[in-house]
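Engineer: This is the structure, below, for whatever I ask next.
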Amino acid sequence: MSASLRVVHYVNQFFGGIGGEVQANVGVSVKTGAVGPGRALEAALGDGARIEATIICGDNFASDHADDAARTIGAELDRLKPDVLVAGPAFASGRYGLACALACRVARLRSIAAITAMHPDNPGVSSGRRETCIVPTGSATTSMPAALAAIAPLARRLGRGEKLGPAEVEGYIGSGVRRVHDRGRPGYQRALDMLLDKLHGRPFRSEVPYAAPERVTPAPPIADLSRARIAMVTTGGLVRKGNPDKQVSANAVRYHRHTVAELESLSPQEWEAYHAGYFNHIVNSNPNYILPLSFLRDLERQGKVGRVHEHIYALPGVSTPVAVSMGHGRSIAADLKAGGVEGVLLVAT
């Protein structure tokens, strides 16, 4: 009988039983055996597979201290020596999805098979799809049983060193990598067949993946701007002088929230731009160009807006994939809604 498959499971602080959002800053820890959804995962894996340990990390910690998280996760994988790492499922949780992609990347760097699962719109998909097998899930945790049932057989095969077939056959999210493949018939014949099927109302499937752009219904106008709380968000890469938060200049994996409750304006001695998509020097002479705090304060004093929100949000928008941007947007919107914000001034570059 072959040796039992050694599995390590990665989960966030919630599924690891530590706590909800208030515990999202906890660092990496390890528990022996299966924890939380890992028990159902172990059952889905069946005989001959065992979850040796569960690695737990807070979503905020994995995002804000990615290098530290990766280093500690790597050390634990070196110690545990699993055949396969299973991360998540993360469903539609953006930070959790990015953390799962990070954990899988750490495993792959050590030649350990890795697999995760999340909703196709999760920013973790665009972050890790080229290097990690990602199983699509629903957006909510109610799809947990189906997600575990889909991930388990692929995890077993990857852990045994098997190569998976095409994504459309195996059921995982395509990596976007094109490979030379002989379909047996010339392309013009296949194209004509699809055209005829379309004209006759028969089902057909295009060989060219297409993602329809999202249509967003505009929000209704603010009833009374003089009573509204207004926030500011910029994709212009605003950072505190010297970039102490280590914001990247492009392809933003996270956004940054800064407090401006006591500020009347953004001073070039305290703020600057860090952005790879435009000439920063003009903004550095007056940061209010990319986030007009001074002008909004004037409107606040004149009673034309009710109140300027105490937090601003900044990231570099350049080269950031749409799916990742959507994840940032959802997270910022949730924070703004919780803060009672009624309107947002989104400053583009």
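Engineer: I'm trying to understand the selection: among the residues of the range 123-143, which are part of a helix (DSSP H, G or I) and either in contact with a Pro (Cβ under 6 Å, 6 or more places away or on another chain) or among the basic types (K, R) (or both)?
Structural biologist: Across the range 123-143, the qualifying residue is only S126.
The rows are residues; the columns are (1) more than 30 Å from M326 (Cα to Cα); (2) free of Cβ contacts under 8 Å to residues at least 24 places away in the same chain; (3) of a type in the set (A, V, I, L, M); (4) in a loop (DSSP other than H, G, I, E, B).
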site	(1), (2), (3), (4)
V180	yes, yes, yes, yes
R190	yes, yes, no, no
D193	yes, yes, no, no
G201	yes, yes, no, yes
R205	no, yes, no, yes
V208	no, yes, yes, yes
E214	no, no, no, yes
A219	no, yes, yes, yes
I222	no, no, yes, yes
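Engineer: Between A147, A103, which is surrounded by 20 or more Cβ atoms within 10 Å (Cβ to Cβ) and either without any contact (Cβ under 8 Å) to a residue 60 or more places away in the chain or farther than 21 Å from D67 by Cα (or both)?
Structural biologist: Among A147, A103, only A147 is surrounded by 20 or more Cβ atoms within 10 Å (Cβ to Cβ) and either without any contact (Cβ under 8 Å) to a residue 60 or more places away in the chain or farther than 21 Å from D67 by Cα (or both).
Engineer: Report yes if some residue within the range 156-167 is under 25 Å from R330 (Cα atoms), touching a residue at least 40 places away in the same chain (Cβ under 8 Å) and surrounded by 15 or more Cβ atoms within 10 Å (Cβ to Cβ); otherwise report no. Explain how you work it out, then say what you get.
Structural biologist: Within the range 156-167, the subset under 25 Å from R330 (Cα atoms) is none.
Within the range 156-167, none of the residues are under 25 Å from R330 (Cα atoms), touching a residue at least 40 places away in the same chain (Cβ under 8 Å) and surrounded by 15 or more Cβ atoms within 10 Å (Cβ to Cβ).
Engineer: Mind listing just one residue for me: the one in the range 81-131 that is modelled with pLDDT of 90 or more and among the polar types (S, T, N, Q) and, of those, farthest from the chain's Cα centre (by Cα)?
Structural biologist: S111
Engineer: Quick check, is G306 in contact with a helix residue (DSSP H, G or I) (Cβ under 7 Å, 6 or more places away or on another chain) and not aliphatic (A, V, I, L, M)?
Structural biologist: Yes: the conditions hold for G306.
Engineer: Of the residues in the range 297-323, how many are in a strand (DSSP E or B) and in contact with a Ser or Thr (Cβ under 9 Å, 6 or more places away or on another chain)?
Structural biologist: Initially, the range 297-323 is screened for residues in a strand (DSSP E or B), giving 307-314, 316.
After this cut, where a residue has to be in contact with a Ser or Thr (Cβ under 9 Å, 6 or more places away or on another chain) as well, the list is 310-314, 316.
Adding up the residues that qualify gives 6.
Engineer: Here is a further query. Suppose we keep only residues that are more than 16 Å from H281 (Cβ to Cβ) and part of a strand (DSSP E or B) within the range 232-257. Which one would you say is farthest from the chain's Cα centre (by Cα)?
Structural biologist: Once the filter is applied, the top-ranked residue is R240.
Engineer: List the number of the failed condition for S175; all other conditions in (1) of a type in the set (G, A, S); (2) in the same structural domain as R79 (by TED's automatic domain parsing); (3) more than 18 Å from V7 (Cβ to Cβ) hold.
Structural biologist: (2)
Engineer: I'd like to check something: does the range 268-277 contain any residue that is in contact with a strand residue (DSSP E or B) (Cβ under 8 Å, 6 or more places away or on another chain) and of a type in the set (F, W, Y)? Step through it out loud before you land on a result.
Structural biologist: The initial filter retains those residues of the range 268-277 that are in contact with a strand residue (DSSP E or B) (Cβ under 8 Å, 6 or more places away or on another chain), namely 270-277.
From what's left, of a type in the set (F, W, Y): 271, 274.
Looking for residues that are in contact with a strand residue (DSSP E or B) (Cβ under 8 Å, 6 or more places away or on another chain) and of a type in the set (F, W, Y), one finds at least one in the range 268-277, hence yes.
Engineer: Mind listing whichever residues of the range 261-296 are assigned to a loop (DSSP other than H, G, I, E, B) and closer than 24 Å to G339 by Cα?
Structural biologist: A261, E262, L263, E264, S265, L266, I290, L291, P292
Engineer: Could I ask something else about it? Looking only at the range 1-48, count how many residues are of a type in the set (A, V, I, L, M, F, W, C), surrounded by fewer than 16 Cβ atoms within 10 Å (Cβ to Cβ) and within 15 Å of P153 (Cα to Cα).
Structural biologist: 1
The rows are residues; the columns are (1) surrounded by 15 or more Cβ atoms within 10 Å (Cβ to Cβ); (2) in contact with a Leu (Cβ under 9 Å, 6 or more places away or on another chain); (3) acidic (D, E).
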{"site": "P203", "(1), (2), (3)": "no, no, no"}
{"site": "A212", "(1), (2), (3)": "no, no, no"}
{"site": "T217", "(1), (2), (3)": "no, no, no"}
{"site": "M232", "(1), (2), (3)": "yes, yes, no"}
{"site": "T235", "(1), (2), (3)": "yes, yes, no"}
{"site": "D245", "(1), (2), (3)": "no, no, yes"}
{"site": "V248", "(1), (2), (3)": "yes, yes, no"}
{"site": "Y255", "(1), (2), (3)": "yes, yes, no"}
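For every residue, the table says whether it meets (1) farther than 14 Å from M232 by Cβ; (2) at pLDDT below 90; (3) outside the structural domain of M118 (by TED's automatic domain parsing).
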| site | (1), (2), (3) |
| --- | --- |
| F279 | yes, yes, yes |
| Q302 | yes, no, yes |
| R307 | no, no, yes |
| V322 | yes, yes, yes |
| I332 | no, no, yes |
| G339 | no, no, yes |
| G343 | no, no, yes |
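The values are calculated or read from the model by the stated rules, or taken from the named source; none is laboratory data. Bear in mind that the values here come from a model prediction, so they are computed numbers and not experimental data. FYI the Cβ positions are ideal-geometry reconstructions off the backbone, even for glycines, and counts take in every protein chain you see.
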